[in-house]
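Colleague: Structure provided below as structure tokens; questions to follow.
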Amino acid sequence: MIDFHLHIGRMYREDYPARPALGPDQLVDWMNRVGIDVGVLLPLESPEGSWGYFLTEDAVAARDQYPDRLIAFVCVDPRYPNAARLIRRAVEDWGCKGFGEHVCGLAFDDERNLALYAVCDELELPLDFEISTDLCWDEVGLPRLERCLKQFPHIRWCGHGPGFWSAISGDDPRVGYPPGPVTPGGALDRLLSEYDHLYADISAGSGYNALTRDPDFTAGFVERHWRKLLFGTDYLCHLDRPPILRWMQDVSVPAEVRDAIAFGNARQVLGLAPPALAVT
């Protein structure tokens, strides 16, 4: 399995020492115990986007410690003056394979975000992003995201978060974890169908809630979009028990579909040749 959404570092600073920092050794030990072969480290460098900073350099150092198990992305706050230079340096010199987790207190299509996207589009990177009510925010129907999908066709967009996943439903109530049946006409269903370069990161409570709130709808959604779904946990702390692990164990789908969600789609997004990873 490839976990497309992992973090290390001091993600719960206010809860220290009850929730201590998570290091690469602990992370890989947890991966071994739950059956994850390779993990993608997503730095968090915007003040609104995390409880504690997880810098790109720390992701690269952890990757270098476990080069067969960890993949590093670059992340930089869009308000950082040297953002474009740092992205290029991280990709070209440090071997970072993508951008993210992109989560900041600006509109999704703020001009400062667009400047980042332009560099990622030039480098043809995967970009993992979160949308919520006050982070990379968008309106009902995700029009700002769609504008960027059209403007930057060479990015492999990987969506995540409450604002992204609430758009699975046509009523799109804009709450964190909406309960109950999914109504037809959700923007997410349409966007995944119309844009080949949009993927869905199923990690965290938002992804799990979207895939379990209406089992009848989920069956059809997975059937339509299984080539777009990326397994991830959003693991932050050694006390975390990501529920999406249970969903992956229990979901009733053909082996081809399960393998695609578990690792095949991530290989494609990351540009990894099949022999590059020993996946079980």
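Colleague: Considering only residues that are out of contact with any Ser or Thr (no Cβ under 9 Å at 6 or more places or on another chain) and either part of a helix (DSSP H, G or I) or at positive phi (or both), look in the range 191-208 and name the one that is surrounded by the fewest Cβ atoms within 10 Å (Cβ to Cβ). It would help to see each step written out before you state the result.
Modeller: Kept after step one, since they are out of contact with any Ser or Thr (no Cβ under 9 Å at 6 or more places or on another chain), are these residues of the range 191-208: 191-202, 205, 207-208.
Filter once more, so that each one left must be either part of a helix (DSSP H, G or I) or at positive phi (or both): 191-194, 205, 207-208.
Values: Leu191: 21, Leu192: 21, Ser193: 12, Glu194: 10, Gly205: 16, Gly207: 30, Tyr208: 21.
The residue in question is Glu194.
Colleague: Are any residues in the range 73-98 more than 13 Å from Ser46 (Cα to Cα) and touching a Phe, Trp or Tyr at 6+ places or on another chain (Cβ under 8 Å), and if so, which ones?
Modeller: Selection gives Phe73, Leu86, Ile87, Cys96, Lys97, Gly98.
Colleague: Now, a different point. Name the residues in the range 107-145 that are closer than 18 Å to Arg79 by Cβ and acidic (Asp, Glu), would you?
Modeller: Result: Asp109, Asp110, Glu111, Glu130, Asp134.
Colleague: In the range 139-184, what residues are of a type in the set (D, E, K, R) and within 16 Å of the chain's Cα centre (by Cα)?
Modeller: Taking the range 139-184 as the starting set, the residues that turn out to be of a type in the set (D, E, K, R) are 139, 144, 146-147, 150, 156, 171-172, 174.
Listed by number, the list holds a single entry, Arg156.
Colleague: Out of the helices (runs of 4 or more DSSP H) lying entirely within the range 209-276, which hold 3 or more residues that are without any contact (Cβ under 8 Å) to a residue 40 or more places away in the chain?
Modeller: 215-225, 244-250, 255-259
Colleague: Condition first: touching a Ser or Thr at 6+ places or on another chain (Cβ under 8 Å) and among the hydrophobic types (A, V, I, L, M, F, W, C). Now tell me which residues in the range 232-246 satisfy that.
Modeller: Ile244, Leu245
Colleague: Any idea which residue in the range 227-253 is nearest to the chain's Cα centre (by Cα), counting only those that are surrounded by fewer than 18 Cβ atoms within 10 Å (Cβ to Cβ) and under 21 Å from Ser193 (Cα atoms)?
Modeller: Going through the qualifying residues, I end up with Arg227.
Colleague: Still on this model: Residue check, Leu42 against (1) surrounded by fewer than 24 Cβ atoms within 10 Å (Cβ to Cβ); (2) closer than 13 Å to Leu236 by Cβ, all met but one. Which one?
Modeller: For Leu42, the failing item is (1).
Colleague: Looking only at residues in the range 92-105 that are surrounded by fewer than 20 Cβ atoms within 10 Å (Cβ to Cβ) and in contact (Cβ under 8 Å) with a residue 12 or more places away in the chain, which one is nearest to Gly271 (Cα to Cα)? Spell out how you get there, then give the answer.
Modeller: From the range 92-105, those surrounded by fewer than 20 Cβ atoms within 10 Å (Cβ to Cβ) are 92-95, 97, 105; that's our starting set.
Next, only the ones that are in contact (Cβ under 8 Å) with a residue 12 or more places away in the chain stay: 94-95, 97, 105.
Numbers: Trp94: 17, Gly95: 13, Lys97: 9, Gly105: 30 Å.
Across the range 92-105, the extreme among qualifying residues is Lys97.
Colleague: Here is a further query. What number of residues within the range 13-59 are among the aliphatic types (A, V, I, L, M), over 17 Å from the mean Cα position of the chain (by Cα) and over 19 Å from Leu270 (Cβ atoms)?
Modeller: 4
Colleague: Can I ask one more? Can you tell me which residue in the range 1-16 is modelled with the highest pLDDT, limited to those that are outside any loop (DSSP other than H, G, I, E, B) and among the charged types (D, E, K, R)? Quick ask: steps written out before the conclusion?
Modeller: Filtering the range 1-16 for residues outside any loop (DSSP other than H, G, I, E, B) gives 2-6, 9, 13-15.
The next check asks that each one be among the charged types (D, E, K, R); those that pass are 3, 13-15.
Numbers: Asp3: 98, Arg13: 82, Glu14: 82, Asp15: 82.
Out of the qualifying residues, it is Asp3.
Colleague: How many residues are touching a Gly at 6+ places or on another chain (Cβ under 9 Å), part of a loop (DSSP other than H, G, I, E, B) and not hydrophobic (A, V, I, L, M, F, W, C) if we restrict to the range 17-58?
Modeller: 6
Colleague: Shifting gears a bit: So Val34 ticks every box in (1) touching a helix residue (DSSP H, G or I) at 6+ places or on another chain (Cβ under 7 Å); (2) without any contact (Cβ under 8 Å) to a residue 60 or more places away in the chain; (3) among the β-branched types (Val, Ile, Thr) but one. Which box is left unticked?
Modeller: All conditions are met except number (2).
Colleague: Continuing with this model, one more query. Pull up the range 140-172, narrow it to residues that are in contact with a strand residue (DSSP E or B) (Cβ under 9 Å, 6 or more places away or on another chain) and part of a loop (DSSP other than H, G, I, E, B), then point me to the one that is surrounded by the fewest Cβ atoms within 10 Å (Cβ to Cβ).
Modeller: Only one residue tops the list, namely Phe152.
Colleague: Residues of the range 25-66 being of a type in the set (Val, Ile, Thr) and under 27 Å from Met248 (Cα atoms), which ones? Even if it seems obvious, please write down each step before you answer.
Modeller: The first filter runs over the range 25-66 and keeps only residues of a type in the set (Val, Ile, Thr), leaving 28, 34, 36, 38, 40, 56, 60.
Passing the criteria: Val28, Val34, Ile36, Val38, Val40.
Colleague: Answer with yes or no whether Arg112 is at pLDDT 95 or above, charged (D, E, K, R) and not in a loop (DSSP other than H, G, I, E, B).
Modeller: Details: at pLDDT 95 or above: yes; charged (D, E, K, R): yes; not in a loop (DSSP other than H, G, I, E, B): yes.
Criteria met by Arg112.
Colleague: Answer yes or no: is there a residue in the range 173-190 that is surrounded by fewer than 24 Cβ atoms within 10 Å (Cβ to Cβ), hydroxyl-bearing (Ser, Thr, Tyr) and either touching a residue at least 40 places away in the same chain (Cβ under 8 Å) or assigned to a helix (DSSP H, G or I) (or both).
Modeller: Looking through the range 173-190, none of the residues is surrounded by fewer than 24 Cβ atoms within 10 Å (Cβ to Cβ), hydroxyl-bearing (Ser, Thr, Tyr) and either touching a residue at least 40 places away in the same chain (Cβ under 8 Å) or assigned to a helix (DSSP H, G or I) (or both).
The values are calculated or read from the model by the stated rules, or taken from the named source; none is laboratory data. Because the structure is predicted, anything quoted here is derived from the model rather than measured. Cβ sites come from the backbone with ideal geometry, for glycine too, and all protein chains shown count toward neighbours.
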